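Trainee: Handing you this structure, nothing more for now.
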Amino acid sequence: MNDPAVARTTSARLRQKQSQEQELERRRRPDGPRRRATAAVLVRAALIATGLVTVYYVLPLDGRSTTGTSALLACGLLLVLVIFSWEVRAITHSPYPRLKAVEALAATLVLFLLLFAGTYYLLEHSTPGSFSEPLTKTDSLYFTLTTFTTVGYGDVAPRTQTGRVLTMVQMAVGLLLVGIAARILAGAVQAGLRRRGREPSDDFASRPED
């Protein structure tokens, strides 16, 4: 006679194996909604970056005093913090937290870089000689990226005390953005996934090795 306990164990193993096979097959199948969500986020991130850069070049940045430039920078950094906080909250409630984090990073990082580029441009025009050469908007953006990526200065470098202070502020805030802000975004992503009881790989098109 067949042992009922052995039969139940065998049946449970078969169901588990079938479940694993179904899960593997599900992961191998192209997931239309996630693929579309991934494409949509990448397109939005590109549009956000392009739009902000366009505004930077189109916006008429007239000459301001050093005090006015510093106030503009402070207000801009406050705006970056507000947007970042809003994006973190949006990540935790998004159906695709990781994808939303990519979009948030695109908006926050680009805005941060353009903010400093505009500040350097205004400083050079309000206080000529603040840098080793006159700055156009492209030069200002180039100097900002050089500072952010820490690749070292070439033909453009700050000369005045104000220019060097602003550069040090960018260095410090940039480190915070890369370190602390990245951890905050990662925490928001995990919180969003826990809210839905999902695995991290659910945000992206599934692959067999996930």
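Trainee: Please tell me if VAL165 is under 20 Å from VAL82 (Cβ atoms), modelled with pLDDT of 75 or more, outside any strand (DSSP E or B) and open to solvent by 40 Å² or more (accessible area, probe 1.4 Å).
Mentor: Considered against the rule, which asks whether it is under 20 Å from VAL82 (Cβ atoms), modelled with pLDDT of 75 or more, outside any strand (DSSP E or B) and open to solvent by 40 Å² or more (accessible area, probe 1.4 Å), VAL165 comes out as no.
Conditions (1) open to solvent by less than 10 Å² (accessible area, probe 1.4 Å); (2) of a type in the set (S, T, N, Q); (3) over 24 Å from GLY179 (Cα atoms), marked per residue:
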| position | (1), (2), (3) |
| --- | --- |
| PHE112 | yes, no, no |
| LEU115 | no, no, no |
| LEU123 | yes, no, yes |
| THR127 | no, yes, yes |
| SER132 | no, yes, yes |
| THR136 | no, yes, yes |
| LEU141 | no, no, no |
| PHE148 | no, no, no |
| VAL151 | no, no, no |
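Trainee: Please enumerate the residues belonging to the stretch 94-137 that are assigned to a helix (DSSP H, G or I) and of a type in the set (Gly, Ala, Ser).
Mentor: Within the stretch 94-137, ALA101, ALA104, ALA106, ALA107, ALA117, GLY118, SER126 qualify.
Trainee: Output the number of the condition that ILE91 fails; it satisfies all remaining conditions of (1) assigned to a helix (DSSP H, G or I); (2) over 20 Å from THR54 (Cα atoms); (3) modelled with pLDDT under 80; (4) open to solvent by 30 Å² or more (accessible area, probe 1.4 Å).
Mentor: Going through (1) assigned to a helix (DSSP H, G or I); (2) over 20 Å from THR54 (Cα atoms); (3) modelled with pLDDT under 80; (4) open to solvent by 30 Å² or more (accessible area, probe 1.4 Å) one by one, ILE91 breaks only (4).
Trainee: Related question: I'm told ILE48 meets every condition in (1) modelled with pLDDT under 80; (2) buried (at least 17 other Cβ atoms within 10 Å of the Cβ) except one. Can you identify the failing condition by its number?
Mentor: (1)
Trainee: Mind telling me which of the residues ALA71, ALA39 ends up being at pLDDT 80 or above and either in a helix (DSSP H, G or I) or in contact with a strand residue (DSSP E or B) (Cβ under 8 Å, 6 or more places away or on another chain) (or both)?
Mentor: Result: ALA39 is the single residue among ALA71, ALA39 that is at pLDDT 80 or above and either in a helix (DSSP H, G or I) or in contact with a strand residue (DSSP E or B) (Cβ under 8 Å, 6 or more places away or on another chain) (or both).
Trainee: Looking at the stretch 94-108, which of the residues that are out of contact with any Asp or Glu (no Cβ under 6 Å at 6 or more places or on another chain) and open to solvent by less than 50 Å² (accessible area, probe 1.4 Å) is modelled with the highest pLDDT?
Mentor: So, considering only residues that are out of contact with any Asp or Glu (no Cβ under 6 Å at 6 or more places or on another chain) and open to solvent by less than 50 Å² (accessible area, probe 1.4 Å), the one modelled with the highest pLDDT is THR108.
Trainee: Can you confirm whether THR147 is assigned to a helix (DSSP H, G or I) and within 20 Å of ALA71 (Cβ to Cβ)?
Mentor: It is false that THR147 is assigned to a helix (DSSP H, G or I) and within 20 Å of ALA71 (Cβ to Cβ).
The values are calculated or read from the model by the stated rules, or taken from the named source; none is laboratory data. Bear in mind that the values here come from a model prediction, so they are computed numbers and not experimental data. Counting neighbours? That spans all protein chains shown, and the Cβs are built from the backbone with ideal geometry, glycine included. The accessibility values were calculated without ligands, DNA or RNA, using every heavy atom of the protein model including side chains. Shrake-Rupley method; radii C 1.70, N 1.55, O 1.52, S 1.80 Å.
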